Amino acid sequence: MRGLKERVALVTGAAGGIGRAICNRFVDEGVKLIAADVNDASLSEFAGELNSRGGDVLPLAFDITSFEEVVSAVAEAVAHFGKIDVLVNNAGWDIAKPFLDTEPELWDKIISINLRGPLNLHKAVLPHLIAAGGGKVINIASDAGRVGSSGESVYSACKGGLIAFSKTVARECARDNVRVNVVCPGPTDTALLRSFVGEGEYGQTIYDKLQKAIPLKRLGQPDDIPGMVAFFASSDADFITGQVISVSGGLTMHG
Ligand SMILES: NC(=O)c1ccc[n+]([C@@H]2O[C@H](COP(=O)([O-])OP(=O)(O)OC[C@H]3O[C@@H](n4cnc5c(N)ncnc54)[C@H](O)[C@@H]3O)[C@@H](O)[C@H]2O)c1
């Protein structure tokens with residue numbers, strides 16, 4: 001893809017299913033990487049793998065819900081690579097429960113990871129994109145934020161909020177040549193999805209029903225997502241901002 005080589009990208013949730021796939025793709029494209037995750041052990045091991053196959057990867061373990069940790073990690077990243085060109089807000093978390101069975105404590109956790117976390121990253125990274133003469137933000141939301149998802153009410157609210165926030169920042173920062181776009185995965189086979197559908201026979205039934213509902217007749221795999229992320233990060237997407245695209249096998253279609 002055009003213009004990716006030598007760019008510097010920060011990817012959160014780098015040690016998870018979709019995060020790993022995005023990092024692998026970026027390394028293949030010659031992107032220098034700040035791989036960020038709260039899971040230090042898994043992150044270090046993964047960054048070691050990427051570096052041993054020729055990547056230029058700085059692993060940074062921090063919690064995206066802490067503004068102080070985010071600011072200090074971003075400063076370390078800029079000191080290391082001299083700049084940031086691309087931010088991918090990919091870290092996310094949820095637990096499946098009907099809304100009326102949830103309590104405010106759980107809402108706070110879901111909101112802090114899925115909405116407050118990306119806000120922290122935008123606040124800390126946007127000034128560096130602007131200082132570099134522009135850049136790209138790709139936010140990983142969810143089809144839950146476009147059409148809802150039973151059992152994921154507060155998560156859906158966060159992802160819908162992230163979509164609206166992205167469009168607003170895309171407007172505000174267009175004059176600074178910062179382009180902000182959103183990728184919405186549909187059901188994608190990762191640890192997060194497995195925790196949602198559950199294990200055993202019941203989980204398999206939900207999995208099978210999801211598969212039947214998807215026009216392309218399969219769930220997403222982590223490797224289905226990075227193509228769209230790499231495209232938005234590349235020079236091929238330089239005239240695209242404030243857009244939202246689903247990568248969901250056709251599960252969600254809007255006129
Ligand atoms: N898997 C799906 O079906 C699906 C569907 C739609 C959207 N998404 C979105 O895709 C993104 C990636 O999800 P995934 O399926 O790869 O999940 P995953 O659980 O495999 O990975 C998520 C990663 O985020 C990290 N993380 C969680 N909380 C964090 C925090 N506070 N600070 C830093 N890192 C943190 C985790 O350690 C993990 O490595 C998420 O934003 C998720 O909401 C996933």
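The values are calculated or read from the model by the stated rules, or taken from the named source; none is laboratory data. As the structure is a computational prediction, the values presented were derived from the model and not from experiment. Please note: Cβ atoms are built from the backbone with ideal geometry, for glycine as well, and neighbour counts cover all protein chains shown.
Just a few scattered comments:
- Selection count, region 135-153, where residues are within 12 Å of the ligand (Cβ to nearest atom) and not in a strand (DSSP E or B): 9
- Qualifying residue in region 230-253 (condition: farther than 20 Å from V137 by Cα, assigned to a helix (DSSP H, G or I) and not assigned by TED's automatic domain parsing to the domain that holds D143): no
- Candidates A9, A21, A61, A41, filtered to the one that is buried (at least 24 other Cβ atoms within 10 Å of the Cβ), within 16 Å of the ligand (Cβ to nearest atom) and on the phi < 0 side of the Ramachandran plot: A9
Residue by residue, here is whether (1) touching a residue at least 60 places away in the same chain (Cβ under 8 Å); (2) in contact with a Ser or Thr (Cβ under 7 Å, 6 or more places away or on another chain); (3) under 13 Å from G242 (Cα atoms); (4) not β-branched (V, I, T) holds:
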| position | (1), (2), (3), (4) |
| --- | --- |
| P127 | no, no, no, yes |
| R146 | yes, yes, no, yes |
| G161 | no, no, no, yes |
| V183 | yes, no, yes, no |
| P187 | yes, no, no, yes |
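- In region 1-110, counting only helices (runs of 4 or more DSSP H) that sit wholly within it, the ones holding 2 or more residues that are under 23 Å from F231 (Cβ atoms) and touching a Pro at 6+ places or on another chain (Cβ under 7 Å) span 17-28.
- If only residues of region 217-255 that are among the aliphatic types (A, V, I, L, M) and more than 13 Å from the ligand (Cβ to nearest atom) are counted, the one that is surrounded by the fewest Cβ atoms within 10 Å (Cβ to Cβ) is M253.
- I214 being within 14 Å of the ligand (Cβ to nearest atom), among the β-branched types (V, I, T), surrounded by 14 or more Cβ atoms within 10 Å (Cβ to Cβ) and modelled with pLDDT of 95 or more: yes
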